[in-house]
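Encoded as structure tokens, the structure appears first; notes follow it.
The values are calculated or read from the model by the stated rules, or taken from the named source; none is laboratory data. Worth saying up front: this structure is predicted, and the values here are computed from it rather than measured. Here the Cβ positions follow ideal geometry from the backbone for every residue, glycine too, while neighbour counts run over all protein chains shown. Remember, those area values only see protein heavy atoms, side chains included, never the ligands or the DNA or RNA. Shrake-Rupley method; radii C 1.70, N 1.55, O 1.52, S 1.80 Å.
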There are 2 protein chains.
Amino acid sequence: MDPFAGLLLLLFIVVVAAALGRWIAVKLDQPPVLGELVMGALVGNVGYALRIPFFEMVMNMAALQNINAMVWNTGAPVREIIDRIMAGDGPVISGMMEKILSGPGAVDLVNMGFGLWVFSNLGVVLLLFKVGLETNIVDMLRVGGRASAVAIVGTIAPFILGYLGSLALAPNAPQTVHIFLGATLCATSVGITARVFSDLKHLQSREARIVLGAAVIDDVLGLIVLAVVAGIVTTGHISLGKIAGVSLLSVLFLGTVLLVGERLAHFGMKIFRRLDPFHLKLLYPLSLMFLFSWFSAFIGLAPIVGAFAAGLVLNEALFAARDARHAPLEDIIYPLEGLFAPIFFVLMGMQVNFATFADPHILALAGVLVVAAVIGKLVSGLAAGGGASRLTIGIGMLPRGEVGLIFASIGKSIGAVNDALYSALVIVIILTTVVTPPALKFALSRKPPQPETT
Amino acid sequence: MDPFAGLLLLLFIVVVAAALGRWIAVKLDQPPVLGELVMGALVGNVGYALRIPFFEMVMNMAALQNINAMVWNTGAPVREIIDRIMAGDGPVISGMMEKILSGPGAVDLVNMGFGLWVFSNLGVVLLLFKVGLETNIVDMLRVGGRASAVAIVGTIAPFILGYLGSLALAPNAPQTVHIFLGATLCATSVGITARVFSDLKHLQSREARIVLGAAVIDDVLGLIVLAVVAGIVTTGHISLGKIAGVSLLSVLFLGTVLLVGERLAHFGMKIFRRLDPFHLKLLYPLSLMFLFSWFSAFIGLAPIVGAFAAGLVLNEALFAARDARHAPLEDIIYPLEGLFAPIFFVLMGMQVNFATFADPHILALAGVLVVAAVIGKLVSGLAAGGGASRLTIGIGMLPRGEVGLIFASIGKSIGAVNDALYSALVIVIILTTVVTPPALKFALSRKPPQPETT
């Protein structure tokens, strides 16, 4: 059978599951994205309970990424690598992964998992690109000060609360544990929030702009925090040079985009129009999105920051009515975003392991951290000042999503976070992510949509 | 750096290279798809000559697929597997692959290569789906007899010519060699031809319909030939049960599609409309495409046969004007197809190794096989009868593309084809593929477009 076949079936299942999830969410008067997340979690956990190898693998997607990297980068056999890096997960889980990832048919599962991961990554990049297209630079700059204030408070408050919570629960643990837990709580994953604002037609509100701006700045601050914390944990001291480098590059990139981005986009468009006038309006925006999101990742930021920036600098006015296939930009991007973005949310849901909630000790730890995580970000909403709903902004900053997961797995890999703490962090990430869509809908229902105000 | 970053940069490069290729092709009055193929070949060979690891890997994409499969399916270390399966390629090539695919950073290259392969597969599926959308069942049935005749002659003639050519060149080689060479020449890859007809706005011509129908039937015949030949080579006899099974399933699938496909599509659409009315016109067609192309692969046909079938059963009339986002179906599919299909052609170009053309012995072998391959398919055009250009149909059947590559690599893996023969077959596949766009353009220029005739 063609090796691409498994992925085709998987795409069919995910597209239909996402549609079913949206249908249920709409029936229950919830944002569609919550339906995709929950349907992903249901399918994933039922599949996991039935011991279907694909779902067992997806539940350990982060481990799969690490195993794949080690298999190629070290050249060691698959089983040896699983023994080495999954020792902390216990013999049941690591034995399960050995059975799935090694032996006849394993490659089909790996290919399906990797393919889904590729489409999911493309999906979240397209989502933030679309959100960027619907936002413009002037509006973003207008809320720049407020967004910065929200981002700074939203980084410092969860850090301090997480640090103190960890200290109170485990006073004898090393300092590095407290620092890492605090740092993980700083993360903001803007995908969920952006999608809810978009679903509820609130992307043009002042709140949406402040949250989007704050999320971008938060990504830069998170990068700096990670450089500081990883430096302390691994070398015992802070590398000022590295932090200065990271900060400078981020500021240069975002500054260039904000100040001369539109002119650069116009210049690039003129070149592309000569090259390929027929596909200009599809492929020029996408080229810019690929380039910016790669560059953003290249300097250490998340790819979605670059994708959002690419969307910001592009606008309808750039293209002439005489351009072939002159549909509105959003209509041209819609089929791509509409297919791939739900894959991101379904896959995120599929990685929520209900079994994690069974250990009371971990649940208690998670409970304390969730309180710190929620209060820390709600406080950041206060920095938004007047003229915008502080509650909405605070809730919009809540989800940790994949950014929090990346922090937690770095902490695990450098030994700052043990398995129990890691599980607790995963619960925090799940709860802050899943609670956001209904909470945001509730907060938004308290005020009418503001399509034109600033 | 984010593990998805490399793929983002690669997408940028491929999209821009494809646009540049189309630009040059249009300047030289050639079909755009030829520009994508040749630009892929240029970029690939320059990168290969400069010893850039990514291009060295892509040049051996088929080997990468096999290595990846063995790494997971056997659990053996990467280097050991490369030693085992690339022994026939000589120490230079296998040493190069060991260096690329094992050691620090190898996983980034593997991920990039695999990601590009995923997008390229999606691209060709979307291309044939789009072609199916622009074709309808009644028109296909009307040319059914002629298409069957073309497919049958187009399978038998190249087989006999390839068998005799091989016998003349190497009278002492075992029978299995002659049989396998003949079988490889039977393949038809409809991607290139469909794209040229589409580029030149000839999809509605009688020639296009006959070639498309013949290509689908040819895929079924190819499957039967493969079952026969592989049976003879590996077990020494023909498994009539397997051949009957393969034939029956193919006929059942295609028969169901042709006879009740439209009714089934209508029924599925009503369910999907209840589930997700807002995304109906994007996600219902895509779901059907994923399902049909998976099913097609599941019974042993190429995924593109199913994608084409899904396109055939869908039509504009299925959707109501009241459906949200009611743009024409082709406009909704265009952004997906316009982004991904060129990736298929660029990647196909990148796998053309100019070094293959340097060995005079292989070139002579290839020369004989090319003549057999071209004459065999041109003869099939004669079976098209009156009312259509026989030359156009014969040329449309020429490209072997990825279908031929699959045949050749199966032959290599079961030992029926040695390295020299394999290289010669690759040259045949390259030449029949690259010569088609300009030849088809020439043949079509001899008659005006026929948008409405049948």
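Of all the residues that make up region B:149-172, how many are under 15 Å from residue B:190 (Cα atoms) and open to solvent by 10 Å² or more (accessible area, probe 1.4 Å)? Please lay out each step first, then the result.
Step one: of region B:149-172, the residues under 15 Å from residue B:190 (Cα atoms) are B:150-151, B:154-155.
Narrowing further to those that are open to solvent by 10 Å² or more (accessible area, probe 1.4 Å): B:155.
Of the residues in region B:149-172, 1 are under 15 Å from residue B:190 (Cα atoms) and open to solvent by 10 Å² or more (accessible area, probe 1.4 Å).
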- Complete set of residues in region A:413-445 that are closer than 18 Å to residue A:226 by Cβ and either free of Cβ contacts under 8 Å to residues at least 24 places away in the same chain or among the small types (Gly, Ala, Ser) (or both): A:413, A:415, A:416, A:422
- Mind telling me which of the residues B:333, B:393, B:429, B:362 ends up being surrounded by 15 or more Cβ atoms within 10 Å (Cβ to Cβ), aliphatic (A, V, I, L, M) and under 24 Å from residue A:339 (Cβ atoms)? B:333
- How many residues of region B:122-148 are open to solvent by 50 Å² or more (accessible area, probe 1.4 Å), touching a residue at least 40 places away in the same chain (Cβ under 8 Å) and hydrophobic (A, V, I, L, M, F, W, C)? The answer is 1
- Query: residue A:130 is checked against (1) assigned to a helix (DSSP H, G or I); (2) over 30 Å from residue A:180 (Cα atoms); (3) at the interface with another protein chain (Cβ under 10 Å from one of its Cβ atoms) and fails just one. What number does that condition carry?
  - Reply: (3)
- Query: Within region A:195-217, can one find any residue that is in contact with a helix residue (DSSP H, G or I) (Cβ under 6 Å, 6 or more places away or on another chain), in a helix (DSSP H, G or I) and within 21 Å of residue A:424 (Cα to Cα)?
  - Reply: no
- Query: Of all residues in region B:299-350, how many are over 24 Å from residue B:192 (Cα atoms) and among the aromatic types (Phe, Trp, Tyr)?
  - Reply: 1
- Extreme residue, modelled with the lowest pLDDT, among residues of region A:296-308 that are at the interface with chain B (Cβ under 8 Å from one of its Cβ atoms) and farther than 17 Å from residue A:401 by Cβ: A:300
- Query: In region B:211-230, is there at least one residue being within 13 Å of chain A (Cβ to nearest Cβ), within 24 Å of the chain's Cα centre (by Cα) and over 19 Å from residue A:2 (Cα atoms)?
  - Reply: no
- Item | Single condition residue A:176 does not satisfy, out of (1) of a type in the set (S, T, N, Q); (2) open to solvent by less than 30 Å² (accessible area, probe 1.4 Å); (3) more than 14 Å from chain B (Cβ to nearest Cβ) | (2)
- Determine, yes or no, whether residue A:323 is open to solvent by 20 Å² or more (accessible area, probe 1.4 Å) and farther than 21 Å from residue A:189 by Cβ. no
- Note on the structure: When region B:254-267 is checked residue by residue, the ones that are open to solvent by 20 Å² or more (accessible area, probe 1.4 Å) and small (Gly, Ala, Ser) are B:255
- Message: Just to be sure before I move on: is residue B:293 within 21 Å of residue B:188 (Cβ to Cβ), within 12 Å of chain A (Cβ to nearest Cβ) and modelled with pLDDT of 90 or more in the structure I sent?
- Response: yes
- Message: Cβ contacts < 6 Å: first residue part of a helix (DSSP H, G or I), restricted to region A:240-263; second residue surrounded by 12 or more Cβ atoms within 10 Å (Cβ to Cβ) and basic (Lys, Arg), any location; separation 6+ or different chain. Result?
- Response: none
- The residue from B:100, B:67, B:81, B:93 that alone is part of a helix (DSSP H, G or I) and away from every other protein chain (no Cβ under 13 Å) is B:93
- Determine, yes or no, whether residue B:200 is within 14 Å of chain A (Cβ to nearest Cβ) and within 15 Å of the chain's Cα centre (by Cα). no
- Scan A:176, A:188, A:155 and give me the residue that is assigned to a helix (DSSP H, G or I), hydroxyl-bearing (Ser, Thr, Tyr), under 19 Å from the mean Cα position of the chain (by Cα) and over 18 Å from residue A:60 (Cβ atoms). A:155
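Just to be sure I understand, how many residues within region A:383-428 are of a type outside the set (Asp, Glu) and in a helix (DSSP H, G or I)?
28
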- Message: Suppose the filter is among the aliphatic types (A, V, I, L, M), without any contact (Cβ under 8 Å) to a residue 12 or more places away in the chain, within 11 Å of another protein chain (Cβ to nearest Cβ) and closer than 30 Å to residue A:273 by Cα; does residue B:9 pass it?
- Response: yes
- Among residues of region A:205-248 being at pLDDT below 85 and among the charged types (D, E, K, R), the residue most open to solvent (accessible area, probe 1.4 Å) is A:242
- Filter region A:158-173 down to residues that are over 22 Å from the mean Cα position of the chain (by Cα) and assigned to a helix (DSSP H, G or I), then give me how many there are. 9
- Message: Would you confirm whether or not region B:77-88 contains a residue that is of a type outside the set (S, T, N, Q), buried (at least 18 other Cβ atoms within 10 Å of the Cβ) and closer than 30 Å to residue A:124 by Cβ?
- Response: no
- Taking only region A:90-109 into account, find how many residues are of a type in the set (A, V, I, L, M, F, W, C), open to solvent by 10 Å² or more (accessible area, probe 1.4 Å) and out of contact with any Pro (no Cβ under 9 Å at 6 or more places or on another chain). 2
- Message: Being in contact with an Asp or Glu (Cβ under 9 Å, 6 or more places away or on another chain) and away from chain A (no Cβ under 12 Å) is the requirement here; does residue B:86 meet it?
- Response: yes
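Here's a check for you: in region A:1-26, which residue that is part of a helix (DSSP H, G or I) and either of a type in the set (Lys, Arg) or open to solvent by 60 Å² or more (accessible area, probe 1.4 Å) (or both) is modelled with the lowest pLDDT?
The initial filter retains those residues of region A:1-26 that are part of a helix (DSSP H, G or I), namely A:5-26.
The next check asks that each one be either of a type in the set (Lys, Arg) or open to solvent by 60 Å² or more (accessible area, probe 1.4 Å) (or both); those that pass are A:13, A:20, A:22-24, A:26.
Numbers: A:13: 97, A:20: 97, A:22: 95, A:23: 95, A:24: 95, A:26: 90.
Per the stated criteria, the residue is A:26.
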- Qualifying positions in region A:23-37 - at the interface with another protein chain (Cβ under 9 Å from one of its Cβ atoms) and in contact (Cβ under 8 Å) with a residue 60 or more places away in the chain: A:32
- Which condition number in (1) assigned to a loop (DSSP other than H, G, I, E, B); (2) of a type outside the set (Ser, Thr, Tyr); (3) crowded, with 17+ Cβ neighbours inside 10 Å is the one that residue A:29 fails? (3)
- Pairs with Cβ under 6 Å, 6+ apart, first in region B:340-365 and within 30 Å of residue B:9 (Cβ to Cβ), second among the charged types (D, E, K, R) and surrounded by fewer than 24 Cβ atoms within 10 Å (Cβ to Cβ): none
